[in-house]
1. Just counting partner chain Cβ atoms within 10 Å, what average do the residues of peptide B:357-363 show around their Cβ?
2. Residues with amide H under 5 Å of A:S350's amide H, sequence separation 5 or more or different chain, H placed in the peptide plane at 1.01 Å from N; which?
3. Please work out the FRET efficiency for the pair A:A427 and A:S1004, using the Cβ-Cβ distance as r and a Förster radius of 35 Å; give the result to the nearest 0.05.
4. Helix-only estimate, please: 222 nm mean residue ellipticity of chain B, summing -39500 (n - 2.57) across DSSP H runs of length 4 or more and dividing by its residues, to the nearest 500.
5. Among A:A974, A:A812, A:T454, whose Cα sits farthest toward the positive end of the charge dipole of the protein assembly as shown (+1 at Cβ of Lys/Arg, -1 at Cβ of Asp/Glu, about the Cα centre)?
6. Over region A:929-1068, calculate the relative contact order: mean separation of alpha carbon pairs under 8 Å at least 6 apart, over the residue count, as a percent.
7. Counting alpha carbon pairs within less than 8 Å and at least 6 residues apart, what relative contact order, in whole percent, applies to chain A?
8. Quick one: Debye curve from the alpha-carbon atoms of the protein assembly as shown only, equal weights, vacuum; give me log10 I(q)/I(0) at q = 0.05, 0.06 Å⁻¹ to two decimals.
Amino acid sequence: MPKRDDIHTILIPGSGPITIGQAAEFDYSGTQAIKALKAVGYRIVLVNSNPATIMTDPDLADATYIEPLTPEVLEAIIAQERPDALLPTVGGQTGLNLALALSERGVLERYGVRLIGANLAAIRAAEDRQRFRETLVQAGLPVPKGGSVASVEEARALAADIGFPLLVRASFALGGTGASWVHRPEALDEAVRHALGASPIGRAWLEESVLGWKEYELEVMRDGADNFVVVCSIENLDPMGVHTGDSITVAPAMTLTDPEYQRLRDLARAVMSAVGVETGGANVQFAVDPRTGRTVVIEMNPRVSRSSALASKATGFPIAKIAALVAIGFTLDEIVNDITGETRAAFEPSLDYVVVKIPRWAFEKFPGADPTLGPQMKSVGEVMALGVTFPQALLKAVQSLEIGVDALDGSGPNRAPVPVPTSEELAVPHPERLFRAYRALQVGHTPEAVAAATGYAPWFVAQMHQVAALEARLRAVGSTTPEDELTTLLRQAKRTGFADTHLARLWPWLAPEAPVHIRAERVRALRHRLGIRPTYRRVDTCAAEFEAQTPYLYSAYEHADEARPTDRPKVLILGSGPNRIGQGIEFDYCCCQAAFALSDLGYESIMLNCNPETVSTDYDTADRLYFEPLTLEHVLEVVEKERPQGVIVQFGGQTPLNLAAGLEQAGVPILGTPPEAIRLAEDRERFAALLERLGIPQPEHGIAHTLDEARQIAARLGYPVLVRPSFVLGGRAMAIVGEPAALDAVVREALEAAPGQPVLLDQFLDDAYEVEVDALADGQRVVIGAIMQHIEEAGVHSGDSACVLPPYKISAYHLEIIREYTTRLGLALGVRGLLNIQFAIKDDIVYVLEVNPRASRTVPYVSKATGLNLARIATQLMAGRTLDELGVTEEPRVQGFFVKEAVLPFAKLVGSPAVLGPEMRSTGEVMGWDEHFGHAFAKAQIAAGMPLPTEGAVLLSVNDFDKGAAAKIARDLARLGFRLYATPGTAAYLRRAGLEVTPVNKVSQGSPHVVDAIREGRVQLVINTPLGAQAHSDGARIRAAAWEHRVPLITTLSAAAAAVAAIRALREKSFRYRSLQQHHR
Amino acid sequence: MPQLAPRAVLALEDGTVLEGRALGAPADAVFELVFNTSMTGYQEILTDPSYRGQGVLFTAPHIGNVGINAEDFESPRPQVEAVVLRALSPVVANWRAQRSLDAWLAHHGVPGIAEVDTRYLTRKLRDQGTLKAALSTQGTPAQELLRRARTWPGLDGRDMVREVTTAQPYTWPGDAALHSRLHFPAGVRQAEPAPHIVVYDFGAKRNILRHLLARGARVTVVPAHTPAAEALALQPDGVVLSNGPGDPAGLPYAVQATRGLLEAGVPLLGICLGHQLLGLALGGRTRRLKFGHHGGNHPVQDLRTGQVLITAQNHNYFVDADTLPPEAEITHLSLNDGSLEGMRLQDRPVFSVQFHPEAAPGPHDAFGLFDAFLDTVR
């Protein structure tokens, strides 16, 4: 069937902000879908609240709305744009939920919008566990025992039938929110209550335990002519019980015979038919009992998912693109396979390599959160690695994680192996379980015992055991080992995936006195002398049966090389690695822009990255793609193979910057701002001297190498002080210390966060306004991209602070000073490319807090708001163009206000204090625009999933410093008709200010208390300002309860003031919606 | 391990010599080297008689993971001359496994080589076409292996079927244990009353027999050289021409028998080699593919419905569609290279496919062909 011509305009909802469970993979899928549908002639309207995405680049869709993803907003945009069709399957769960809501409200029917890619019945049947199960049972397909309940009583009755342990899940919740394992009847009630609370429809699902069974996933594709293919099979290393997003996974499946595999394939097809998924991509999850082979279907997603992103990168089969094309009527046999250029998309990829995905967690940022892994996803990102064998892929994946580990025992250049685990520890799913399992093998536990304790399939354990055996033999090598034996072993080590840095630790004899990183250079030199270099292989979807046209490459140590570098002028872009807090999709956005700009300039763009969720690792983003760990070893080998004119390190966040020194030492040309300038900006002492020379004020500060020094400096500066380690991103281990007693612990943590680096102490500017600038510079001139004002005061990490462009409370006088300082700094540092500066304004003085001569987190937000594509222009500057030549000479002006708001993961990481501070904790961001600040702020809150109430009651509980300002806010809210509740101290103060307020007990004062009030739904908004760094247990309970019950929570008074403005605006008039294309026309 | 493990040497007729780790039996072998891109089912592949005369290279890197079980045999023993792979599993990890691949190959005298760059070899075969090769796991010098590979006459025009066909007719199943339970979930349509199907064994895979049996047929397997009259004397309701090894041009007696069956008007199903024999019997010609189709992911389009079947394939020769008489209707084409994958006769209940509807290993998309065949029989 050719494409449908009864459709002209297609509306695509994105997935919104990056959250745990719904991340960058939907930028990849949305981007692919838009590109594919535009290429065949459709007009595309995109709605996504997340400005950090590539898909919201105004060049991509025809009309791009960065607006909240709610049914109301979509209805307004549908009325405005009048699309003929809605494609809900590339925007994650958000996309499907929106489609359901729009249909139920009759919006689709009213405006004649057809749903394509999935039908309502199929979405409902797949998303509602009860229906899914009934559908499968009716079709005779195997499922675990289980059922749906709406109350604790129903749950008890059902549990008696199912038996324990059993799984409790919240129906219709994302990423496993509200899910848990229940091992005893006594624990059932609490688990069910939690799930009922987390479910948007108030139902919980109970299910038979398949804990410890093998877990498999099939990524499948179907077209309108009932052609069906399996794109990829995935086997989880972690057995059933760990959310698949938190599992280490392997593709293709490794421990199935053909009849077993084909049974999964037949079942997947039958599930698609039973559920009624007529076209598109889907994944089907299975559990297989390793003792009997009994197979049950666990779930299916009738849409593109995180696993489909992984499967696309793992196989070279672009699932989202094909899903979009079959949604508009093409059949698989009509679509050409881009990689071979001659075969069709109607086939099943064959892999002649192994792919390993490892999740990346961020528990170090959430003290108190339980790192035990279970049915609720907790990871914030992931890495993928390709290797010829499982051990090679596994080791490369570990090296890709950027957690300082390069070996399976959890050791790294500055890290000791994990402690030898007990068998109880091995049984607990944990971020370090892989290392623990290897460690157990290393010290002589039998593979059988390790397999039994972990539930890993014996095959995987045997592979790890072989690695351990090789490691032991490598350890035995010494300076007297004959060269031919050394050569054989070294080659085998590299074929197995051992890192040079790891070999450097195993082989102290190579350079007994030298530090490990120097010894790693010796290993490299030795390798090269012995002729042991990587060979590059192509990902071709077909195990070499057809020739690959697409240079999508990974390293191996095999006989033949397929890189075939060209002799074109070329530039290598280093990506940002796994998403983590502080380094997310924004940097991938920048790297993609660099690739686009380089292609425009006539360069061959080469991307190196290891994150399967991203657009940058799509094989058609850059001209060539190396899917490799971002370590010096792997980058240098690619550089030697490709010999690029230069390498771009300023777009990928901290990851490539950490490699810059090593690259420079190896003589690799770095494009743009010299790394020396980046180092200068990060070196507090030299940077302070520079500011002084330029006559720019900075907070009083000091640098401590020891705890003692830190104590002295803090005493000199006076409390509160800001403490942070150097050379880390996202404010890791950064804290405000209010009193001497709290200093020691904070300094110790900071010293540990960046070993060998000093700790910085700054005078903390209480109640200062914080302002941030993104600018471009070419060595001659500095042009400001945007000045943004943070809504939270200084002390909240810039990544977690809401922020508004243009500034709404900064005087023209201060803005001029900011512009002047920006120019001075840009020129003094010799910036060629991007520059980000953080300012604080206090008592009429503008201070510079921090300068980052590289891409910042706000680059995509600024680019979307202003229409000035900062990253693309910066790339052109790095390639030697000047701002004059590019015609970029003026700071752009924007109409109205663009508010950015951070999205926080506290609901997923129960136990972590829900409070903002100098350490960044947000996973993603949203943007809201409107003519007036209040509206824009309100939109940002809606987009962030915390819509402000327009009526009801407010609970105030503020610290003593804030009580005066809180009274003003309380009065404003009271005038707007809100009822006031407050904890006793706050209530007393507000009463004295003449306000009518109902006091509520603190939790410590007994029921009925504040948490009861929140739980019972008596409060629609919580304003709670915590006191200093010490976790106030009552405040912590209030905030946790607010998160759990989805009551909007505001933790700073400046944000509260903004919220009051927003509520007022909400009540006065309705929103306006405008596409980026209209903004920038 | 590299020092201790026995070495193996693989030599190709183009002069390529690779060294690797030996597996299976200490032995020498000369063969035609083909690659198979299936990611599962090495047991079925290795026991497929169609591979007689060939050495199989697996493009999937890890082989041996699930060992060898009692059920997934397509014939009682390994049929390949040699095995080429990247990484042999150190353990067996599957609930049905009974022994390791390595031990099983050794027991049956089949040598193999591991730890070689299988992708390099695959690309070579893709670019240069199928190559003659020799392997030794017992120290035969590379020069000698090269000489053997180059002087070996190869498979073109040879009768390989002789080596794999049954000596005597027999009824399937002789032994119920040979009937794999996993392939056949309950609910397959049963033909009533039980039709009698005669299967010409050119190297038949057991799964063809299992499919017929599962649909209620009485199955008699006859030797490849059985004349048509003898087969017809068994009073079959239908005849299956099975898959098998080598070049159909080396089997004039089988073409002769096929003509006899065609003339008798008995319902006929040809699979793989059986399809090629039918093509020859109709006056068509067969030709060699550059490197053959060997894998479980081959898309085939049914021209009557437009539907794409993902099929298992294993053949080096194909029927040239242009040489077929007009009464032969082309029903299936390869989506990869457009070669003929299936045909039927308009005037008789006769059809054939180049791919393997019985799968084993491979996707089950074409199981329906067995139903279609039994429908014509009734």
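1. Values: counts 0, 0, 3, 3, 5, 5, 10.
Average neighbour count from other chains, rounded to a whole number: 4.
2. Amide H to amide H, under 5 Å and 5 or more residues apart or across chains, A:S350 pairs with A:C542, A:A543.
3. On the way: r = 37 Å, r/R0 = 1.06.
Rounded to the nearest 0.05, the efficiency is 0.40.
4. On the way: 10 runs with 84 residues, N = 378.
Calculated mean residue ellipticity at 222 nm is -6000 deg cm²/dmol.
5. It is A:A974.
6. Details: 223 pairs, mean separation 46.0, N = 140.
Result for region A:929-1068 is 33 percent.
7. On the way: 2525 pairs, mean separation 105.7, N = 1081.
Relative contact order here is 10 percent.
8. Rounded to two decimals, the profile gives -0.41, -0.59.
Read-outs: derived from the displayed coordinates by stated rules, not from any lab. Given the structure is predicted, the values throughout are model-derived calculations rather than measurements. With ideal geometry, Cβ positions are generated from the backbone for all residues, glycine too; neighbour counts draw on all protein chains shown.
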